[in-house]
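Contents: one structure, followed by commentary.
Every number here is computed from the coordinates shown, using simple stated rules; none is lab data. These figures come from a predicted structure and were not determined experimentally. We place every Cβ from the backbone using ideal geometry, glycine too, and count neighbours over all the protein chains shown.
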Amino acid sequence: MNEEQRLNSSQVKEINPQNKEGKDYSQYFQSVYVPPNLKEAKKRGKEQVEYQHDFGIEPEFANMGIGRKFYIRTYGCQMNEHDTEVMAGIFMGLGYEPTNTVAEANVVLLNTCAIRENAENKVFGELGHLKLLKRNNPDVLIGVCGCMSQEESVVNKILKTYDQVDMIFGTHNIHRLPNILHEAYLSKEMVIEVWSKEGDVIENLPKVRRGEIKAWVNIMYGCDKFCTYCIVPYTRGKERSRRPQDIIQEVRHLAAQGYKEITLLGQNVNAYGKDLDDSSYRLGNLMDDLRLIDIERIRFTTSHPRDFDDHLISVLAKRGNLVEHVHLPVQSGSTSMLKLMARKYSREQYLELVQKIKYAIPNVALTTDIIVGFPNETEEQFEETMSLYREVGFEMAYTYIYSPRDGTPAAKMEDNVPMEVKKDRLQRLNNLVNQFALEAMERYNGEVVEVLVEGESKKNPDVLAGYTRTSKLVNFVGPKDIIGKRVLIKINQTKTWSLYGELIEVLSGQEVGVI
Ligand code: 5AD
Ligand code: SF4
């Protein structure tokens, strides 16, 4: 979105152009208060996505962080985790140092999640705690960013109730962090910069990655699916794919730096490429190109069944560094529920897709997301979800009670399902999930699996931990110098969420595609 479109779509208010000493800094402040608007966000513009390659720290901001520390708390999904890595990169570029302690920080950022009400409540709770910090140290800057900042109701609530907050900025404004910090230092009032829709693709953003073994790579931003319960298309804007050459180059760089596993990220990765000029280049093509890069493992998340095409399946069947784990959110096993959710597939179509994937990739691990207690869900419809779960034989699922999100179509639906019934359904579903998870683990007993060793086990530093290609946690005893390597482990003990085994062999790096 260019400056003009941004200003046209939003009300503009100038913030206090006086700094604390009363000096006029008005040239810095144009268009700061741009309130987010869900109705606006739903309109998908036809404007070309702009690809900006020129991100850099402006000289006037270069020393802003010298002698200062930043702390970022991240809520929600991997996309947010990765955005935090980008913001950390920008902070470091400005000369700030990281800290793990809120009390030590000069800037505290909450990178928020809006997907369910309880995620939002956690953030409001944390903001409450930060009031005390601000009282004791008025110079600390407190910021709210991420998906909650894109919601009008949240911005209004913060403006009204949480005056300890110094800045709010949206998911499309991350690259503007230096300017936002600069304004926050000069202003007495809350600095708000939330571009309400669309968004561009900014390349060359600095990143401080959390690990040295696994890395996330965005392949696309936004979502155009508008499932009726979901806030994401409003908070993350329209689907914008990064160009293949930029993604391939990033993965090559990561391989050269010694990273072993890449997870490609997008809200709906199967729509990758639909918005690109070469409309025939899709996720299957990208995976086919990426698998030639010398890196041990490549995964992707999250898939939408609707766009999961045959070409992608045939590419995944080539295995090599493409792992045999597909996370395929189904949400419900009832066709009528799926229709109300606007998922755009039926139970039968989902099962057909699963059959195709299983046929092409024997031993594939399928995992999913499920929502129970969508408005007016009947016992029969819920039972259809349970029976679909058994039929597919998922190995793991993230399960949720439906949470109404302001501004989404489902939030306007009347709902006759009492909360006790929803909780009971979640419990029954979770029992099934645990049972199937344990059964999936038991199948590994006595098998030899490939594990990418990530480090010491969180529970016991004498034990090493890593994951299989199918994303199963494996613990075993071994020397510390194999951290970062792939090893073969013979499994001799199984639990619902972890496996235990014995080190058989350290792989040299040539053998790919062992389960
Ligand atoms: N309520 C409950 N769960 C939701 N999800 C998305 N929106 C909602 C909501 N309003 C779940 C879906 C999605 C996952 C990331 O979060 O299952 O796949
Ligand atoms: Fe939300 Fe995923 Fe549906 Fe997009 S595809 S609207 S992110 S649930």
Seminar exercise, completed: Here the cysteines of the chain without any disulfide-compatible Cβ partner under 4.7 Å are CYS77, CYS113, CYS145, CYS147, CYS223
Problem set entry | Whichever lysines have a C-alpha closer than 18 Å to that of LYS358, once near sequence neighbours (fewer than 8 apart) are set aside | LYS318
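I'd like the per residue volume of the convex hull spanned by the Cα atoms of the chain, given in cubic angstrom. Each step should come with its number before you reach the end.
Working: hull volume 80.8 nm³, N = 515.
Each residue corresponds to 157 Å³ of Cα convex hull volume.
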For this session: List the residues of segment 201-243 whose backbone N lies under 16 Å from a point placed 7 Å from the Cα of ASP415 along the Cα-to-Cβ direction.
Result: 228-232
For this session: Calculate for the chain the 222 nm mean residue ellipticity that helices alone would give, adding -39,500 (n - 2.57) per DSSP H run of length 4 or more and normalising by residue count, nearest 500 deg cm²/dmol.
Result: -9500 deg cm²/dmol
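Cut-off is 10 Å between beta-carbons; in what order do TYR400, TYR229 appear when sorted fewest neighbours first?
Details: TYR400 18, TYR229 24.
Ranking TYR400, TYR229 by Cβ neighbours within 10 Å, fewest first, gives TYR400, TYR229.
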Problem set entry | Principal axis box of segment 439-480, alpha-carbon based, largest edge first, Å | 28, 16, 15
Exercise. Using θ = phi - 60° and the Karplus curve 6.51 cos²θ - 1.76 cosθ + 1.60, what whole-Hz ³J(HN,Hα) does each residue of segment 282-287 get, with Gly and Pro shown as x?
Worked result: 10, 4, x, 5, 4, 4
Exercise. To the nearest Å, what is the center-to-center distance of segment 125-162 and segment 203-233, using C-alpha atoms only?
Worked result: 24
Problem set entry | Likely footprinting exposure, SER187, SER498, SER241, fewest C-beta neighbours within 10 Å first | SER498, SER187, SER241
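Taking the Cβ of each residue in HIS182, HIS129 as the centre, tally the other Cβ atoms inside 10 Å and list the residues starting with the fewest.
Values: HIS182 19, HIS129 10.
So the residues, fewest neighbours to most, are HIS129, HIS182.
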For this session: Please give every one of the aspartates and glutamates within straight-line cross-link reach of LYS260, meaning a C-alpha to C-alpha distance under 12 Å, and leave out same-chain neighbours fewer than 8 residues apart.
Result: GLU212, ASP294, GLU296, GLU454
Problem set entry | Over segment 340-458: Rg over Rh, Cα atoms, Kirkwood Rh | 1.04
Problem set entry | Helix 244-256 axis, angle to the chain major axis (alpha carbon atoms, nearest 10°) | 70
Exercise. Which of rounded, prolate, oblate describes segment 448-506, given a ≥ b ≥ c as roots of the alpha-carbon gyration tensor eigenvalues and a/c under 1.5 marking rounded, otherwise prolate only if a/b is larger than b/c?
Worked result: rounded
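Output the relative contact order of the chain, whole-number percent, from Cα pairs under 8 angstrom with separation of 6+ residues. Mind showing how you got there, number by number?
Numbers: 1043 pairs, mean separation 54.8, N = 515.
Computed over the chain, the figure is 11 percent.
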